[in-house]
Amino acid sequence: MKQDWKPGTMIYPLPAVLVSCGSCEEEYNILTVAWTGTLCTNPPMCYISVRPERHSYPILKKNMEFVINLTTKDMAYATDWCGVRSGKDYNKFHEMKLTPGKAAMVSAPIIEESPLCIECRVKEILSLGSHDMFIADVVNVKADDKYLNSETGKFELADSGLLVYVHGGYYELGKKTGKFGWSVEKKK
């Protein structure tokens, strides 16, 4: 039997990402975001939702660019720490020993330790209530070549130990149980 609960955000798991922003080293900041996702394939678009009172909010609004850096189990502590500490009080790159790298298309830094960095340029900001949604065009993706399969040329992102957020907890993704289209594949 199912119980009725008050309306809430219970769509889990979500990626636990580190969003980097700022146009110069003095302004660089990292915020942890789970309210993120894909909006469109062509053109490639995604979003992040951020509370206006967050330290990064005016940095994002001023520069209209950011990088979504996927995280791994090895980055779990930094992912949590960057979400509970404010960039107005800490240099998060320095404190968490994360390396800011040069993005190809935006001024915000990438996080070198991330297996995949998605460079974004804000197209629109929607004020929704507790959070504002930054709708962005994906203008470049940087992939760590250590996850590139030299035999197939395929990027094996699942091998990176991706981190997800589920109802207050961080989890590493588990075992693969299928692939897109496997339910309708012709049997040999």
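The residues of the stretch 102-148 that are touching a Pro at 6+ places or on another chain (Cβ under 7 Å), within 16 Å of V17 (Cβ to Cβ) and not aliphatic (A, V, I, L, M), listed by number, are P109, D144.
Let's see how each residue does on (1) of a type outside the set (A, V, I, L, M); (2) under 20 Å from S114 (Cβ atoms):
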{"position": "S20", "(1), (2)": "yes, yes"}
{"position": "E25", "(1), (2)": "yes, yes"}
{"position": "N29", "(1), (2)": "yes, yes"}
{"position": "T32", "(1), (2)": "yes, yes"}
{"position": "L39", "(1), (2)": "no, no"}
{"position": "P44", "(1), (2)": "yes, yes"}
{"position": "Y47", "(1), (2)": "yes, yes"}
{"position": "V50", "(1), (2)": "no, yes"}
{"position": "S56", "(1), (2)": "yes, yes"}
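In the stretch 69-80, the residue that is farthest from C120 (Cα to Cα) out of those that are polar (S, T, N, Q) and assigned to a strand (DSSP E or B) is T72.
Being assigned to a strand (DSSP E or B), among the small types (G, A, S) and within 23 Å of G169 (Cα to Cα) is not true of G83.
Among the residues examined, S127 does not qualify as in contact with a His (Cβ under 6 Å, 6 or more places away or on another chain) and surrounded by fewer than 18 Cβ atoms within 10 Å (Cβ to Cβ). Per this entry, A78 is not counted among residues that are closer than 28 Å to Y12 by Cα, loosely packed, with under 13 Cβ neighbours inside 10 Å and hydrophobic (A, V, I, L, M, F, W, C). Restricting the stretch 87-105 to residues that are within 18 Å of the chain's Cα centre (by Cα) and within 17 Å of P58 (Cβ to Cβ) leaves a set whose member that is modelled with the lowest pLDDT is G87.
From the list G87, G8, G22, the lone residue that is in contact (Cβ under 8 Å) with a residue 12 or more places away in the chain, farther than 21 Å from K142 by Cβ and of a type in the set (G, A, S) is G87. Restricting the stretch 147-188 to residues that are in contact (Cβ under 8 Å) with a residue 24 or more places away in the chain and assigned to a helix (DSSP H, G or I) leaves a set whose member that is farthest from the chain's Cα centre (by Cα) is Y147. Somewhere in the stretch 49-65, is a residue touching a helix residue (DSSP H, G or I) at 6+ places or on another chain (Cβ under 9 Å), under 23 Å from H167 (Cβ atoms), at pLDDT 95 or above and buried (at least 22 other Cβ atoms within 10 Å of the Cβ)? Checked the stretch 49-65: at least one residue is touching a helix residue (DSSP H, G or I) at 6+ places or on another chain (Cβ under 9 Å), under 23 Å from H167 (Cβ atoms), at pLDDT 95 or above and buried (at least 22 other Cβ atoms within 10 Å of the Cβ). Considering the stretch 25-39, and only residues there that are within 16 Å of the chain's Cα centre (by Cα) and without any contact (Cβ under 8 Å) to a residue 60 or more places away in the chain, the residue that is surrounded by the fewest Cβ atoms within 10 Å (Cβ to Cβ) turns out to be T38. Checked against the criteria, L163 counts as at pLDDT 95 or above, closer than 27 Å to M45 by Cβ and touching a Ser or Thr at 6+ places or on another chain (Cβ under 7 Å). Residue count for the stretch 87-106, restricted to those that are part of a loop (DSSP other than H, G, I, E, B), touching a helix residue (DSSP H, G or I) at 6+ places or on another chain (Cβ under 9 Å) and surrounded by fewer than 16 Cβ atoms within 10 Å (Cβ to Cβ): 2.
The values are calculated or read from the model by the stated rules, or taken from the named source; none is laboratory data. Since the structure is predicted, the reported quantities are computational estimates derived from the model, not experimental observations. Glycine also receives a Cβ, built like all others from the backbone with ideal geometry; neighbour counts cover every protein chain displayed.
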